[in-house]
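A.B. asks: This structure is in structure tokens; I'll ask about it shortly.
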Ligand code: NAD
């Protein structure tokens, strides 16, 4: 870590120092970096497939070679266990790099689409192409995944990308700033350090896409700034993700899974279950099961556990402590401001309209709100902002389906928490106040590509077009209408192959049938002949 920090120490810890956006002949550092990224993009190298692959391989190498440094940085930032960082962030990033490397040729290839009669002889396809320069603004709670996952998609799609990690996860951001230029093209994928003012300086500039992860207040500022340039945005925001425990389920298993998801990373996970909804008759069993699980996971004093993290800073520590004011915890409740430590805490019978139930907790405090039944839980969820994630624990499949149908959320996991995040085949993102746009795996590539509509035709067969040219008469207009109304036909390679195979098989069957009939007819004739002969 020291080596890395030494190298970038012109940027002193405490990013409010204006070291990053210093003016050079009236031009800020941010402006210069973005200008260089634009020029590098215009050079065209980011579009070349081999180049994209080479950059992805280099990123993969960086993660393998620097795993220990990355884990150490996160230990310093939020006391995250060295075992958790690979599980929670690095393996997921590596998987997405592998997937992009494996699929890039397929993803970037032209995609033939269905045609109608008018375009039957044309080449018609969708061509994914790069957008240009993407701004990636990351949050501090998973500083590697939240910057590198969008970056993988940006590289795969052939874009340049300016990466702005969070100033709060200071050690991780410094390390990212030191490592990325060592492995990747410095001009195409620069890292800009800084907090609110540096980010706002960046947002004054024109990008081709802004990919933001963080709270919704800043999300609105990002969208406002992007709107000035008509720049599209992806907003990966947060919110309160509900967790419903049905009385018809194995509460012990449910609580083990919930306890892990809620208290991993010290509750600072955007898709952590924010609160529990359950019927009063199961509340005490839920509390007891969580208490037992916590003992098993972190021992009698979680403060001494190597597996239990810390709150990112004093501001967030005070914010969470304030939210707990006036409650008597049924589990945990201990804290130590000198270490930004808050014990895993459970609060029971929390009133639905309390402050604790108005804002995202983003810390190790788990309120339980009681509801009378599943309908009440559904109403509770629907009366609030659309959440980023919804968790349902129940053995009743019909009821689970009903709850999914009657609610909405960015994603949903049933009988577990957060697992929908781990599959790159599923789009990850919010809805309504929890965000817009989704990513992971191919979805990131799609998000950061322009899907260009391409129709290529020759100058032959002009007679086909006569029907649409003036002077029009009834016959021509009828012909033009018929052609326009013709159904879409799938002319993709796969369909054509199937059509050829089906024709060959069909013809084969027809010939076989014909031969059988002929033989049968022949036999019949022979029979008649011999019958006549004997008669
Ligand atoms: P944060 O404080 O790190 O801010 C996010 C980014 O915005 C940082 O890069 C920061 O420098 C920048 N920023 C902060 N203030 C700014 C301002 N005034 N103007 C311009 N830029 C500014 O992160 P946070 O907001 O505390 O993150 C926590 C929130 O993020 C939670 O709500 C959480 O749910 C959400 N989150 C969402 C996801 C997701 O994938 N949906 C992932 C992680 C976190």
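A.B. asks: For the range 344-355, give me each residue that is without any contact (Cβ under 8 Å) to a residue 60 or more places away in the chain and touching a helix residue (DSSP H, G or I) at 6+ places or on another chain (Cβ under 6 Å).
C.D. replies: Residue satisfying the conditions is 346 alone.
A.B. asks: Considering only the range 300-339, state which residues are closer than 23 Å to residue 172 by Cβ, within 16 Å of the ligand (Cβ to nearest atom) and touching a helix residue (DSSP H, G or I) at 6+ places or on another chain (Cβ under 9 Å).
C.D. replies: Residues satisfying the conditions are 309, 310, 311, 312, 314, 317, 318, 320.
A.B. asks: Restricting the search to the range 264-291, which residues are within 16 Å of the ligand (Cβ to nearest atom), crowded, with 24+ Cβ neighbours inside 10 Å and within 13 Å of residue 366 (Cβ to Cβ)?
C.D. replies: Of everything in the range 264-291, those that are within 16 Å of the ligand (Cβ to nearest atom), crowded, with 24+ Cβ neighbours inside 10 Å and within 13 Å of residue 366 (Cβ to Cβ) turn out to be 266, 267, 272, 273, 274.
A.B. asks: Select the strands (runs of 3 or more DSSP E) contained entirely in the range 89-187, then report the ones holding at least 3 residues which are surrounded by fewer than 17 Cβ atoms within 10 Å (Cβ to Cβ).
C.D. replies: Strands (runs of 3 or more DSSP E) meeting the threshold: 123-130.
A.B. asks: How about the range 221-233: which of its residues are within 24 Å of residue 170 (Cα to Cα) and more than 7 Å from the ligand (Cβ to nearest atom)?
C.D. replies: Listed by number, the list is empty, since nothing qualifies.
A.B. asks: Looking only at residues in the range 155-169 that are within 11 Å of the ligand (Cβ to nearest atom) and out of contact with any strand residue (DSSP E or B) (no Cβ under 6 Å at 6 or more places or on another chain), which one is farthest from residue 203 (Cα to Cα)?
C.D. replies: 169
A.B. asks: Name every residue in the range 195-211 that is outside any helix (DSSP H, G or I) and more than 7 Å from the ligand (Cβ to nearest atom), in order of residue number.
C.D. replies: Selection gives 205, 206, 207, 208, 209, 210, 211.
Bear in mind these aren't lab numbers, they're just calculated from the coordinates by the rules spelled out. Predicted model only: the values in this text are computed from it and were never measured. So basically every Cβ, Gly included, is an ideal-geometry build from the backbone, and we count neighbours across all protein chains shown.
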